[in-house]
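Report on the structure given below.
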Amino acid sequence: MKVLFIGGTGNISTPVSRMAVAQGIDLYHVNRGNREAVAGVTSLQADLSDPNQFRNAIAGHRWDVVVNWIAFTPSDIQRDMDIFEGLTRQYIFISSASAYQKPPLNPVITESTPLRNPHWDYSRNKIACEDLLMKGYRERGFPVTIVRPSHTYYSVIPVSLGGWEEFTAIDRMRRGLQVVVHGDGTSLWTMTHASDFAKGFIGLLDNQHAIGEAFHITSDEVLTWNQIYETVARAAGAEANVVHIASDYISGYAEKHGYPSVHGTLLGDKSHSAVFDNSKIKRFVPDFTATTPFSEGIRQTIEWFDAVPSRRVVSEVTNRFLDGLIASIPK
């Protein structure tokens, strides 16, 4: 199987790439070459914002599957449809589970849950991308499959404030400083290790039954945000000194004081419970099951950060934001 990943060296796509290579897939990456290449992958270099450079990089190739990990707007999708129509048997778009209805009317999310997010441009753009691709499928058979990850981690810190590519939240925990959990910490959330996501995802590659379909791929483990922060702290060898603050207050404070917006990530995503029904992916990929509990996955992630000091980026901007936010709460 010959597969092209557009991107391919990110938080989710790196473990997927490694698993694909291990299974004998002839895998290519096309990207700007700014990150370390994955062993066993053929790398093609191009600035994707230049369609001619992109076309030249892939000239002469045909693909069984093309996966775009870094498409965010309809213009990205239109470019890909123009380039790959007739050159691939399947095109997989990486969307986002944040596109699902916010606030949800049903506590359990399925692939038929409506797509609507009035709080986050990122999610609305993903919805617009899906709409364009499904229009192409309906009108002329463009061979699309849509995949919606939800809070999938491997090389990021999956907390709501002071994490992701930052190490700020872990540093605060280790120094005994307070960390902020949105709301009262009792809403439900799903964390998925990228190695588990990869099992389901690879089963969709060149799966012709998946054409015209959408899937989410998540763990079945459900945790409260309080449990998440407690588990992260234990994995870091610390305790979670938690302050609970309402999501709309956090968002308003960031806006009022000129900090980067958290409106979309909180009110458009993490302030709502996210419990997923994975029946569909299990029907299409019968061997799929998520086996990495969050307690083990986050331990591995923190070890990955600790192994290389330069990965442990602590943001003074985030620290000022969190300190000011906490101080602003009436005692």
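Among the residues in region 278-289, are any part of a loop (DSSP other than H, G, I, E, B), closer than 30 Å to ASN207 by Cα and of a type in the set (Val, Ile, Thr)?
Filtering region 278-289 down to residues part of a loop (DSSP other than H, G, I, E, B) leaves 278, 285-289.
Checking which are closer than 30 Å to ASN207 by Cα leaves us with 278, 285-289.
Checking which are of a type in the set (Val, Ile, Thr) leaves us with 285, 289.
Looking through region 278-289, at least one residue is part of a loop (DSSP other than H, G, I, E, B), closer than 30 Å to ASN207 by Cα and of a type in the set (Val, Ile, Thr).
In contact (Cβ under 8 Å) with a residue 60 or more places away in the chain and either outside any strand (DSSP E or B) or surrounded by fewer than 18 Cβ atoms within 10 Å (Cβ to Cβ) (or both): does that describe ILE77?
On the way: in contact (Cβ under 8 Å) with a residue 60 or more places away in the chain: no; either outside any strand (DSSP E or B) or surrounded by fewer than 18 Cβ atoms within 10 Å (Cβ to Cβ) (or both): yes.
No, not satisfied.
Given (1) farther than 18 Å from GLU166 by Cα; (2) surrounded by fewer than 17 Cβ atoms within 10 Å (Cβ to Cβ), where does ILE245 come up short, assuming only one miss?
Answer for ILE245: the failing condition is (2).
Go through region 7-33 residue by residue and tally those that are closer than 14 Å to LEU205 by Cβ and part of a strand (DSSP E or B).
Qualifying residue count, region 7-33: 3.
Among what's in region 80-107 and is part of a loop (DSSP other than H, G, I, E, B) and free of Cβ contacts under 8 Å to residues at least 40 places away in the same chain, pick the residue that is nearest to TYR137 (Cα to Cα). Show your work before the answer.
Taking region 80-107 and keeping what is part of a loop (DSSP other than H, G, I, E, B), we get 85-87, 89-90, 95-96, 101-107.
Adding the requirement that they be free of Cβ contacts under 8 Å to residues at least 40 places away in the same chain leaves 86-87, 101, 105-106.
On the way: GLY86: 13, LEU87: 15, GLN101: 23, LEU105: 29, ASN106: 28 Å.
Looking at residues that are part of a loop (DSSP other than H, G, I, E, B) and free of Cβ contacts under 8 Å to residues at least 40 places away in the same chain, I get GLY86.
Among the listed residues THR265, THR292, identify the single one that is buried (at least 16 other Cβ atoms within 10 Å of the Cβ) and not in a helix (DSSP H, G or I).
Working: THR265 fails: not in a helix (DSSP H, G or I).
Within the list THR265, THR292, the selection yields THR292.
Do we have GLY10 as under 23 Å from SER150 (Cα atoms) and either touching a Ser or Thr at 6+ places or on another chain (Cβ under 8 Å) or in contact (Cβ under 8 Å) with a residue 24 or more places away in the chain (or both) here?
Numbers: under 23 Å from SER150 (Cα atoms): yes; either touching a Ser or Thr at 6+ places or on another chain (Cβ under 8 Å) or in contact (Cβ under 8 Å) with a residue 24 or more places away in the chain (or both): yes.
The answer is yes for GLY10.
Against the definition (over 23 Å from ASN226 (Cα atoms) and either outside the structural domain of ASP184 (by TED's automatic domain parsing) or in contact with a helix residue (DSSP H, G or I) (Cβ under 9 Å, 6 or more places away or on another chain) (or both)), how does SER295 come out, yes or no?
Working: over 23 Å from ASN226 (Cα atoms): no; either outside the structural domain of ASP184 (by TED's automatic domain parsing) or in contact with a helix residue (DSSP H, G or I) (Cβ under 9 Å, 6 or more places away or on another chain) (or both): yes.
It is false that SER295 is over 23 Å from ASN226 (Cα atoms) and either outside the structural domain of ASP184 (by TED's automatic domain parsing) or in contact with a helix residue (DSSP H, G or I) (Cβ under 9 Å, 6 or more places away or on another chain) (or both).
Just to be sure, is ILE70 in contact with a helix residue (DSSP H, G or I) (Cβ under 9 Å, 6 or more places away or on another chain), β-branched (Val, Ile, Thr) and farther than 17 Å from TYR28 by Cβ?
Details: in contact with a helix residue (DSSP H, G or I) (Cβ under 9 Å, 6 or more places away or on another chain): yes; β-branched (Val, Ile, Thr): yes; farther than 17 Å from TYR28 by Cβ: no.
Considered against the rule, which asks whether it is in contact with a helix residue (DSSP H, G or I) (Cβ under 9 Å, 6 or more places away or on another chain), β-branched (Val, Ile, Thr) and farther than 17 Å from TYR28 by Cβ, ILE70 comes out as no.
This table checks each residue for (1) under 30 Å from ARG89 (Cβ atoms); (2) more than 23 Å from the chain's Cα centre (by Cα); (3) at pLDDT 95 or above.
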site: CYS129; (1), (2), (3): yes, no, yes
site: GLU139; (1), (2), (3): yes, yes, yes
site: PRO149; (1), (2), (3): yes, no, yes
site: VAL156; (1), (2), (3): no, no, yes
site: GLU166; (1), (2), (3): no, no, yes
site: ILE170; (1), (2), (3): no, no, yes
site: GLY176; (1), (2), (3): no, yes, yes
site: ASP184; (1), (2), (3): no, yes, yes
site: TRP189; (1), (2), (3): no, no, yes
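Test each condition in (1) closer than 19 Å to PHE321 by Cβ; (2) in contact (Cβ under 8 Å) with a residue 40 or more places away in the chain for SER279 and report the one that comes out false.
In the conditions (1) closer than 19 Å to PHE321 by Cβ; (2) in contact (Cβ under 8 Å) with a residue 40 or more places away in the chain, SER279 misses (1) alone.
When only residues in region 113-141 that are out of contact with any His (no Cβ under 9 Å at 6 or more places or on another chain) and part of a loop (DSSP other than H, G, I, E, B) count, which is nearest to VAL275 (Cα to Cα)?
Of the residues in region 113-141, the ones out of contact with any His (no Cβ under 9 Å at 6 or more places or on another chain) are 113-118, 121-141.
Now narrow it down to the ones that are part of a loop (DSSP other than H, G, I, E, B): 113-114, 116-118, 141.
Details: THR113: 12, PRO114: 15, ARG116: 17, ASN117: 17, PRO118: 20, GLY141: 32 Å.
Only one residue tops the list, namely THR113.
Hey, among SER112, SER49, SER95, which residue is small (Gly, Ala, Ser), modelled with pLDDT of 95 or more and surrounded by fewer than 19 Cβ atoms within 10 Å (Cβ to Cβ)? First the steps, then the outcome.
Working: SER49 fails: modelled with pLDDT of 95 or more; SER95 fails: surrounded by fewer than 19 Cβ atoms within 10 Å (Cβ to Cβ).
After applying the criteria, what remains is SER112.
Give me a count of the residues in region 29-39 that are buried (at least 20 other Cβ atoms within 10 Å of the Cβ) and not hydrophobic (A, V, I, L, M, F, W, C). Let's see the steps before the verdict.
Pass one, region 29-39, residues buried (at least 20 other Cβ atoms within 10 Å of the Cβ): 29-31, 38.
In the following step, the residues that additionally are not hydrophobic (A, V, I, L, M, F, W, C) were identified as 29, 31.
Qualifying residue count, region 29-39: 2.
When only residues in region 301-331 that are in contact with a strand residue (DSSP E or B) (Cβ under 9 Å, 6 or more places away or on another chain) and surrounded by 16 or more Cβ atoms within 10 Å (Cβ to Cβ) count, which is farthest from TRP164 (Cα to Cα)?
Applying the filter and picking the extreme gives LEU325.
Which residue, of SER49, SER75, SER112, SER98, is touching a Gly at 6+ places or on another chain (Cβ under 8 Å) and of a type in the set (Gly, Ala, Ser)? Explain how you work it out, then say what you get.
Details: SER49 fails: touching a Gly at 6+ places or on another chain (Cβ under 8 Å); SER75 fails: touching a Gly at 6+ places or on another chain (Cβ under 8 Å); SER112 fails: touching a Gly at 6+ places or on another chain (Cβ under 8 Å).
Just one listed residue meets the conditions, SER98.
The values are calculated or read from the model by the stated rules, or taken from the named source; none is laboratory data. Since the structure is predicted, the reported quantities are computational estimates derived from the model, not experimental observations. All Cβ positions, even for glycine, are placed from backbone atoms using ideal geometry, and neighbour counts span all protein chains on display.
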